[in-house]
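One structure coming up, written as C-alpha cells, with questions to follow.
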Amino acid sequence: MKIYIDFVLLINFFFDFLILLTVSIILKRKIKLYRVILGSLIGSLSVLILFINISNLTLFLFKVLISILMIISTFGFKDFIKNFLYLYFVSIVLGGFLYFINNTFSYKVDGLIFINNGFSLNLLILLIISPIIIYIYIKENKYHKKTNNLHVVTIKYLDKIYTYSAYLDTGNNLYDPYFHKPVCILYDKNINIKNVIYIPYNTLSEEGMLKGFKVEEMIIDNKDIYKNVLIGISEAKFNLFSCDMILHSSYL
C-alpha cells in the first residue's frame, strides 16, 4: 500500500486548522490568522513521527508536547490551561462524530452482531462533514452559554415584591459615576418609582441620562442577596430570551 506523505500532511493540517480555529472562536481569542496556520503546521508535521518505530509511551508524550507547541504558537502563554483543555475537547468532539458517522455507514447489525458491510465514507465526504459538525458544535455551545446566563430575580421596593426573568450580560459595565455602583437595567412600564436617580451613560452611538432608582434588596435565583441595588429603567423591551432585566456583569 502506498502512502503519500504530502497528502497525509495536508489532511492533518486541515483538521488541526479546523480545531484551532474552533477553539479561538469558542473562547473568543483575537488571534491573527497566520498564528492559527503556524499552529496547524506544527500539528501536521507531528504525523511524521508515526513512521518511526517508538514505544506507545514515547508517542503519547510526543503528542502532548506537540499539543503544547500548537497552543503556545497559536495563542501564546495566556490562559494556557484553558486553551489546552479546549483543544482536546474539540478534538474529541470532532473525532467522536466522525468515528460514529463512519461506523454507522460501515457496519450493519445482525441481532447483537455488528458486521462490516465493506462500505466506508470517502475521505472527501468526511472533510466536507467536519466543518458542518464544528459549526453545529460552536452554535450549540454559544446557545448553552447564553441560556446559562438566564436567572430569576426578585426585587423588594417600597414594601412590594417584583419578580423578573433576567439575563446576566457580561457586556453590561454601566456604573453610577457618583458612587461607582453597578447598574442593572429593567424594562417594566407598570412599576411606579419614587426618588428618581438620573444616571449618565454613553455608548458608541449615543449618550444621555437614564432614569434609575435604588431597591432595598435584590435576590437572584432565591439564593444570592444584594442590598441597595441601583436599577435603571429601559424605555425599550429587550430582545434576549424575553427577559425583563439585564443584570450587571459584576453580579454572580
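Quick check: anything in the stretch 118-127 open to solvent by less than 40 Å² (accessible area, probe 1.4 Å), at pLDDT below 65 and in contact with a Ser or Thr (Cβ under 8 Å, 6 or more places away or on another chain)?
yes
Let me ask something else. Return yes or no: is residue 55 over 24 Å from residue 7 (Cβ atoms) and either open to solvent by 40 Å² or more (accessible area, probe 1.4 Å) or at pLDDT below 85 (or both)?
When the stated conditions are applied, residue 55 passes them.
Answer with yes or no whether residue 193 is in a loop (DSSP other than H, G, I, E, B) and open to solvent by less than 80 Å² (accessible area, probe 1.4 Å).
On the way: in a loop (DSSP other than H, G, I, E, B): yes; open to solvent by less than 80 Å² (accessible area, probe 1.4 Å): yes.
Yes; evaluated as a whole, the condition is true for this residue.
Next question. Look through the stretch 39-80, keep the residues that are among the β-branched types (Val, Ile, Thr) and in contact with a Ser or Thr (Cβ under 7 Å, 6 or more places away or on another chain), and return whichever of them is farthest from residue 17 (Cα to Cα).
Start the filter on the stretch 39-80 by keeping residues that are among the β-branched types (Val, Ile, Thr), which leaves 42, 47, 49, 52, 54, 58, 64, 66, 68, 71-72, 74.
When the remaining residues are screened for being in contact with a Ser or Thr (Cβ under 7 Å, 6 or more places away or on another chain), the result is 42, 66.
Details: 42: 10, 66: 14 Å.
Ranking the qualifying residues of the stretch 39-80, first place goes to 66.
Quick one: in the stretch 218-246, which of the residues that are in a loop (DSSP other than H, G, I, E, B), closer than 18 Å to residue 157 by Cβ and among the polar types (S, T, N, Q) is most open to solvent (accessible area, probe 1.4 Å)? Walk me through it before giving the result.
Narrowing the stretch 218-246 to residues in a loop (DSSP other than H, G, I, E, B): 221-223, 234-244.
In the following step, the residues that additionally are closer than 18 Å to residue 157 by Cβ were identified as 222, 234, 244.
Imposing the further condition that a residue be among the polar types (S, T, N, Q) reduces the set to 222, 234.
Numbers: 222: 132, 234: 24 Å².
Once the filter is applied, the top-ranked residue is 222.
May I ask you to verify whether residue 15 is open to solvent by 30 Å² or more (accessible area, probe 1.4 Å), part of a helix (DSSP H, G or I) and under 19 Å from residue 137 (Cβ atoms)? Working first, answer last.
Values: open to solvent by 30 Å² or more (accessible area, probe 1.4 Å): yes; part of a helix (DSSP H, G or I): yes; under 19 Å from residue 137 (Cβ atoms): yes.
Yes; evaluated as a whole, the condition is true for this residue.
Restricting to the stretch 66-87, count the residues that are in a helix (DSSP H, G or I) and open to solvent by 90 Å² or more (accessible area, probe 1.4 Å).
2
Based on what the data block shows, is residue 210 surrounded by fewer than 16 Cβ atoms within 10 Å (Cβ to Cβ) and modelled with pLDDT of 85 or more?
Criteria not met by residue 210.
What residue, of 69, 48, 20, is under 29 Å from the mean Cα position of the chain (by Cα) and farther than 30 Å from residue 170 by Cα?
69
Can you name the residue in the stretch 153-187 that is open to solvent by 60 Å² or more (accessible area, probe 1.4 Å) and of a type in the set (A, V, I, L, M) and is also modelled with the highest pLDDT among such residues?
Applying the filter and picking the extreme gives 161.
Enumerate the pairs (first residue in the stretch 25-37 and over 18 Å from residue 15 (Cβ atoms); second residue anywhere and open to solvent by 100 Å² or more (accessible area, probe 1.4 Å) and aliphatic (A, V, I, L, M)) with beta-carbon separation below 8 Å, excluding pairs fewer than 6 apart on the same chain, so at least 6 apart or on different chains.
From the stretch 25-37, no pairs qualify.
The values are calculated or read from the model by the stated rules, or taken from the named source; none is laboratory data. In this text, all values refer to a predicted model and were calculated from it rather than measured experimentally. When we count neighbours, we look across all protein chains shown, and the Cβ atoms used for this are built from the backbone with ideal geometry, even at glycine. Calculation scope for accessible area: heavy atoms of the full protein, side chains included, ligands and nucleic acids excluded. Shrake-Rupley method; radii C 1.70, N 1.55, O 1.52, S 1.80 Å.
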